[in-house]
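Colleague: Please find one structure pasted underneath; my questions will follow.
The values are calculated or read from the model by the stated rules, or taken from the named source; none is laboratory data. For clarity, every value in this text was computed on a predicted model and none was experimentally measured. Neighbour counts run over all protein chains shown; Cβ positions are idealised from the backbone, glycine included. Side chains included, ligands, DNA and RNA excluded: accessible areas come from the protein's heavy atoms. Shrake-Rupley method; radii C 1.70, N 1.55, O 1.52, S 1.80 Å.
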Amino acid sequence: MYAHIKSKLDNGDLVILDGGTGTDIQRRGVKMDSDVWCAEANLTHPDVVRAVHDDYIKVGAEVITANTYASAPLMFNAHGRDADLIETDTVAMRVAREAADAAGRPVCVAGSISVMRPMTRGTDDFDLSYTWDDDTVRRLFDAKAANLKACGADMLIMEMMRDIKFSSWAVEAAVNTGLPVWVGIAVERTGDGTLAGVNHPEQLLESIVKELTRFNPDACLIMHSPIDTILVGLEIISANWPGPTGAYPVAGEFTLPDCQFVEIAPADFAVAAESWRAAGAQIVGGCCGVTPDHIAALSTMRN
């Protein structure tokens, strides 16, 4: 299925990604878990997860992201739930695959991998009391990536990469599966306005791009980042890497267990996306807080 997406990227065409999966599950009334956010929904509300995928497909998404972002290897390991991660990801991939197969047109299913760790309650900061040795981290990412491949992922999206150490190990594990890999980097502004990885003000975006693209991913994107950082972020990626770029920003603020939404009109979101496309982005979508209505607005964009 990825051959269709690759052909579009090779031709310089636009690819429409979906919006926020976890936050749309939340919008539909599913209670978010205080430890692993939306991951539990795969087991408790698979029908709702399926409905989210269906709705993104209906409005034009060409890539849907399985609900496997929150089933982060480090997060689940910290809570002693390695086996549960495999189970929840298997269900998430099955639900996403069913939605894609019923679409009646080519729709690519992406397995999502994140470097999320337990966070301090009421913040988006990591709880630094949790630590792992390097070999354990690599083993956990390898197991996550291998299971997503075994469950039928067409590709892998590395979501909210934000540092050099953990993110590089995650990307390496994904690339080693042989599946196509998109790297999504999450940024925020430092005190002087420079873009750096989220929660890592000492690691500038330029350094992260150089490190993660050495694994030769199929695309590099700015994701889970404020809309006003996207154009600068795309410029930095393009200055340091020649491959396809993209953007899927956040429209909300995440503090476990719920995302606080920041409303942006779908038409305004599409106007912003036109500027990303003009800056060379070939992949456009959204993450937390971005809904099917926003993706419907993107689907009218010109190539």
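Colleague: Any residue in the range 180-194 that is hydroxyl-bearing (Ser, Thr, Tyr) sitting within a Cβ distance under 7 Å of a residue that is open to solvent by 10 Å² or more (accessible area, probe 1.4 Å)? List the pairs, counting only those 6 or more apart or interchain.
Modeller: If the second residue must be open to solvent by 10 Å² or more (accessible area, probe 1.4 Å), the pairs left are Thr190/Pro201; Thr194/Leu204.
Colleague: So Glu159 fits all but one of (1) at pLDDT below 95; (2) assigned to a strand (DSSP E or B); what number is the exception?
Modeller: Answer for Glu159: the failing condition is (1).
Colleague: Could I ask something else about it? Pairs under 9 Å by beta carbon, first residue more than 10 Å from Leu212 (Cα to Cα) in the range 164-177, partner surrounded by fewer than 19 Cβ atoms within 10 Å (Cβ to Cβ) and small (Gly, Ala, Ser), six or more apart or different chains?
Modeller: Going by the 9 Å Cβ cut-off, the qualifying pairs are Ala173/Ala143; Ala173/Ala146; Asn176/Ala146; Thr177/Ala146.
Colleague: Further question on the same structure: Suppose we filter the range 46-70 for residues that are in a loop (DSSP other than H, G, I, E, B) and within 14 Å of Arg94 (Cβ to Cβ); how many remain?
Modeller: 3
Colleague: Looking at Asp55, Asp82, which one is under 15 Å from Thr21 (Cβ atoms) and open to solvent by 40 Å² or more (accessible area, probe 1.4 Å)?
Modeller: Of the residues listed, the single one that is under 15 Å from Thr21 (Cβ atoms) and open to solvent by 40 Å² or more (accessible area, probe 1.4 Å) is Asp55.
Colleague: Regarding Ala66, is this residue at pLDDT below 95, small (Gly, Ala, Ser) and open to solvent by less than 10 Å² (accessible area, probe 1.4 Å)?
Modeller: In short, no.
Colleague: All but one of (1) open to solvent by 30 Å² or more (accessible area, probe 1.4 Å); (2) touching a Ser or Thr at 6+ places or on another chain (Cβ under 8 Å); (3) not aliphatic (A, V, I, L, M) hold for Cys220; which doesn't?
Modeller: Every condition holds for Cys220 apart from (1).
Colleague: Among the listed residues Asp124, Asp135, which satisfies the condition of being modelled with pLDDT under 95, outside any strand (DSSP E or B) and not β-branched (Val, Ile, Thr)?
Modeller: The match here is Asp124.
Colleague: So in the range 26-45, with the set limited to residues that are in a loop (DSSP other than H, G, I, E, B) and either of a type in the set (A, V, I, L, M, F, W, C) or within 30 Å of Thr300 (Cα to Cα) (or both), which one is most open to solvent (accessible area, probe 1.4 Å)?
Modeller: Here the residue is Arg28.
Colleague: Quick check, is Thr23 buried (at least 22 other Cβ atoms within 10 Å of the Cβ) and either within 18 Å of the chain's Cα centre (by Cα) or basic (Lys, Arg) (or both)?
Modeller: Answer is yes for this residue.
Colleague: Now a separate question. Just a yes or no: is a residue in the range 147-155 without any contact (Cβ under 8 Å) to a residue 60 or more places away in the chain and under 22 Å from Asp134 (Cα atoms)?
Modeller: Scanning the range 147-155 turns up no residue that is without any contact (Cβ under 8 Å) to a residue 60 or more places away in the chain and under 22 Å from Asp134 (Cα atoms).
Colleague: Based on this model, can you work out whether Gly60 counts as closer than 23 Å to Val250 by Cα, crowded, with 20+ Cβ neighbours inside 10 Å, touching a residue at least 40 places away in the same chain (Cβ under 8 Å) and not aliphatic (A, V, I, L, M)?
Modeller: Here the answer is no, as Gly60 does not meet what is asked.
Colleague: Now for a different question. Working carefully through the options Leu179, Leu204, Leu156, find the one that is out of contact with any His (no Cβ under 7 Å at 6 or more places or on another chain) and over 24 Å from Asp13 (Cα atoms).
Modeller: Leu204
Colleague: Of the numbered conditions (1) under 19 Å from Val284 (Cβ atoms); (2) open to solvent by less than 30 Å² (accessible area, probe 1.4 Å); (3) at pLDDT 95 or above; (4) small (Gly, Ala, Ser), Ser238 satisfies every one except a single condition; which is it?
Modeller: (2)
Colleague: Touching a strand residue (DSSP E or B) at 6+ places or on another chain (Cβ under 9 Å), part of a helix (DSSP H, G or I), open to solvent by less than 10 Å² (accessible area, probe 1.4 Å) and closer than 17 Å to Ala170 by Cα: does that describe Ile208?
Modeller: In short, yes.
Colleague: So, one more: Hey, can you tell me all the residues within the range 162-184 that are among the β-branched types (Val, Ile, Thr), over 15 Å from the mean Cα position of the chain (by Cα) and either farther than 10 Å from Pro217 by Cβ or not in a helix (DSSP H, G or I) (or both)?
Modeller: Matches in the range 162-184: Ile164, Thr177.
Colleague: Is it the case that Gly233 is touching a helix residue (DSSP H, G or I) at 6+ places or on another chain (Cβ under 7 Å), modelled with pLDDT of 95 or more and on the phi > 0 side of the Ramachandran plot?
Modeller: No; evaluated as a whole, the condition is false for this residue.
Colleague: Let me ask something else about it. Among the listed residues Ala145, Ala150, Ala96, Ala72, identify the single one that is surrounded by fewer than 24 Cβ atoms within 10 Å (Cβ to Cβ) and not charged (D, E, K, R).
Modeller: Within the list Ala145, Ala150, Ala96, Ala72, the selection yields Ala150.
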